[in-house]
Amino acid sequence: MSQDISIWTLKKMPLQQVIQYIERNSTPDYRARMAKISKTDYERLPAAQAQDKLAAAISNMSEEEYTDYLLELVDE
């Protein structure tokens, strides 16, 4: 899924940059799971609204859950 980047680099980035990275380097299925909505619903959202959903989901995640998602992203 991703280019060569470490989880630690992602964790230090501002949220908007992380979301942009996720948008460029992951599948719609991954983004939908991260946003906690169905893939179909995610794909229907305008880009800005999809990014807002991701930001809201990330903001509500525990540190452990966020780390798990980032590990999945960088390990692909």
All positions within the stretch 14-52 that are hydrophobic (A, V, I, L, M, F, W, C) and over 17 Å from Glu65 (Cα atoms): Leu45, Ala47, Ala48, Ala50
Neighbours by Cβ (under 9 Å, 6+ apart or cross-chain): first from the stretch 52-75, among the aromatic types (Phe, Trp, Tyr); second open to solvent by 70 Å² or more (accessible area, probe 1.4 Å): Tyr69/Arg33
In the stretch 48-63, the residues that are surrounded by fewer than 18 Cβ atoms within 10 Å (Cβ to Cβ) and among the polar types (S, T, N, Q): Gln49, Ser59, Asn60, Ser62
Matching residues, the stretch 6-29, being closer than 14 Å to Ala56 by Cβ, open to solvent by less than 10 Å² (accessible area, probe 1.4 Å) and touching a residue at least 40 places away in the same chain (Cβ under 8 Å): Val18, Ile22
Subset of the stretch 30-47 (residues that are assigned to a helix (DSSP H, G or I), surrounded by fewer than 12 Cβ atoms within 10 Å (Cβ to Cβ) and modelled with pLDDT of 95 or more): Thr40, Arg44
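The values are calculated or read from the model by the stated rules, or taken from the named source; none is laboratory data. Keep in mind it's a predicted model, so treat the numbers as computed, not measured. Virtual Cβ from ideal backbone geometry, glycine too; neighbours counted across all protein chains shown. For accessibility, only protein heavy atoms count, side chains too; no ligands or nucleic acids. Shrake-Rupley method; radii C 1.70, N 1.55, O 1.52, S 1.80 Å.
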